[in-house]
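Visitor: Just dropping this structure here.
The values are calculated or read from the model by the stated rules, or taken from the named source; none is laboratory data. Quick caveat: nothing in here was measured; it's all calculated off a predicted structure. Here the Cβ positions follow ideal geometry from the backbone for every residue, glycine too, while neighbour counts run over all protein chains shown. For accessibility, only protein heavy atoms count, side chains too; no ligands or nucleic acids. Shrake-Rupley method; radii C 1.70, N 1.55, O 1.52, S 1.80 Å.
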Amino acid sequence: MSSKQNSQTADKTQNMITIDELIEEFEFLNDWEERCDFLIDLGFELPAMPESEKTEENRVHGCQSMVWLTTELKNADGENVLHINADSDALIVKGLIAVLLAIYNDKTPKQILKTDVRQYFSHLQLDKYLSSQRKNGLFGMVERVQSEARQVVERN
């Protein structure tokens, strides 16, 4: 990837919604249909994943849709953080990826492992409205990120 693409991806990631903003927005929206539309809109804001990274090795299994996820350890303010890049072929799943990024992206591996992701999903009512297949896929992404974080912690 060129440095121009890297900086565009970094700029777009920095402009992603935070988990607090996401919770606030969901509380403002009246019903699941509006929240679902909002999730889809968030998915359009995801940084592009290069086609070269959409490989079987990067694929998240257990998802109904095709999902690819990569992580990269980066240094931010003297701390190693896990930077996540992901994409899907389904619009709603792209929105769920945006939720995942709001929770985990650019956090230290220890922060990731200490995060009670189920609490966030419950607060956003994702546990209530997502189909069991979508929930399985979402937790497949969560497990992948947590596994990557565990590997970093174990190496250090």
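Visitor: Taking A86 and the conditions (1) more than 17 Å from D37 (Cα to Cα); (2) of a type outside the set (K, R); (3) touching a residue at least 60 places away in the same chain (Cβ under 8 Å); (4) open to solvent by less than 50 Å² (accessible area, probe 1.4 Å), which numbered condition does it fall short on, given that it satisfies the others?
Guide: Unmet for A86, out of (1) more than 17 Å from D37 (Cα to Cα); (2) of a type outside the set (K, R); (3) touching a residue at least 60 places away in the same chain (Cβ under 8 Å); (4) open to solvent by less than 50 Å² (accessible area, probe 1.4 Å): (3).
Visitor: May I pose another question? Could you please tell me which pairs satisfy a Cβ distance under 6 Å, a separation of 6+ or placement on different chains, a first residue in the stretch 60-82 that is farther than 17 Å from N156 by Cα, and a second residue that is part of a loop (DSSP other than H, G, I, E, B)?
Guide: Close Cβ pairs satisfying both conditions: S65/D89; S65/A90; M66/D89; V67/V60; W68/K54; W68/N58; L69/V60; T70/N58.
Visitor: Kindly provide the set of residues from the stretch 41-77 that are in contact with a helix residue (DSSP H, G or I) (Cβ under 9 Å, 6 or more places away or on another chain), closer than 20 Å to N136 by Cβ and surrounded by fewer than 18 Cβ atoms within 10 Å (Cβ to Cβ), ordered by number.
Guide: If the condition is that a residue be in contact with a helix residue (DSSP H, G or I) (Cβ under 9 Å, 6 or more places away or on another chain), closer than 20 Å to N136 by Cβ and surrounded by fewer than 18 Cβ atoms within 10 Å (Cβ to Cβ), then H61, G62, Q64, S65, M66 are the ones that fit.
Visitor: A further question follows. Being open to solvent by 70 Å² or more (accessible area, probe 1.4 Å) and assigned to a loop (DSSP other than H, G, I, E, B) is the filter here, so list the residues in the stretch 89-105 that pass it.
Guide: Matches in the stretch 89-105: D89 only.
Visitor: I need a count of the residues in the stretch 120-156 that are farther than 23 Å from H83 by Cβ, among the polar types (S, T, N, Q) and exposed (fewer than 12 other Cβ atoms within 10 Å of the Cβ).
Guide: Count: 2.
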